[in-house]
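Quick notes on the structure that follows.
The values are calculated or read from the model by the stated rules, or taken from the named source; none is laboratory data. All values reported here derive from a predicted model rather than from experimental measurement. Cβ: placed from backbone, ideal geometry, glycine included. Neighbour counts: every protein chain shown. Quick note on the areas: whole protein, heavy atoms, side chains included, nothing else; ligands and nucleic acids left out. Shrake-Rupley method; radii C 1.70, N 1.55, O 1.52, S 1.80 Å.
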Amino acid sequence: MKIKTKKFWSAFTLIELLVVIAIIAILAALAVPALTSALAKAQLTGTMNNARQVYLAQFSMANDGTATGDSKLAWPGDLAVVPTTMAGYANGVVGPGYLQAGDINKLFNAPSCALVVSPVTGPPDSVTFDSGTAGLKVYKIKDVDPANTIFIASHNYVYATA
């Protein structure tokens, strides 16, 4: 007696296989833009969270400066010597201990920016910006200036102006 074996590949025709492959390709083509958009939003969320952390450190520093009367602990625009570079601003927040020198590289970086920061330990800690562009921009606002409402913004995000 002869037993017939059914082969898996003989169950589908070439046309059926091509149709299934075409449907999978169309679904993949529709999913790629959505995944790209989700990745961009996730990167933006990470950058904005870093900006929030820097803001909270600056806010704590300014509140402590107001409470103690220390003129070195203030908003960037209220300082006696306003920092003109991002490294100067970072050292102003790292020096009193409101941010750690090792965290500056993570906080000031963004996906579209390749900032290289070297922490320098010592009393007080400081940082040097070796190369690249910071992913955040700090504005020189003053505590009593209601016209300036933005303190820190992301470098890799275009704000709607309309």
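Scan the range 62-92 for residues that are in a loop (DSSP other than H, G, I, E, B) and of a type outside the set (A, V, I, L, M) and the total you get is 8.
Within the range 28-41, the set of residues being within 12 Å of the chain's Cα centre (by Cα) and open to solvent by 60 Å² or more (accessible area, probe 1.4 Å) comprises just one member, K41.
Of all the residues in the range 89-102, those that are within 12 Å of D125 (Cα to Cα) and either β-branched (V, I, T) or in contact (Cβ under 8 Å) with a residue 40 or more places away in the chain (or both) number 4.
If we scan the range 3-16, do we find a residue that is of a type in the set (K, R) and closer than 25 Å to T128 by Cβ? No: the range 3-16 contains no residue that is of a type in the set (K, R) and closer than 25 Å to T128 by Cβ. Residue pairs whose Cβ atoms lie under 6 Å apart, sitting 6 or more positions apart in sequence or on different chains, and linking a residue in the range 121-133 that is in a strand (DSSP E or B) to a partner that is hydroxyl-bearing (S, T, Y), are T128/S118; D130/S118. Residues in the range 67-110 that are under 15 Å from G132 (Cα atoms) and in contact with a Gly (Cβ under 8 Å, 6 or more places away or on another chain): F108, N109, A110.
The residue that is farthest from G122 (Cα to Cα), among those in the range 52-88 that are at pLDDT below 90 and open to solvent by less than 20 Å² (accessible area, probe 1.4 Å), is G77.
Note on the range 112-127: residues that are open to solvent by 60 Å² or more (accessible area, probe 1.4 Å) and among the polar types (S, T, N, Q) amount to 2. Does F151 satisfy the condition of being open to solvent by less than 30 Å² (accessible area, probe 1.4 Å) and either aromatic (F, W, Y) or over 30 Å from A40 (Cβ atoms) (or both)? Criteria met by F151.
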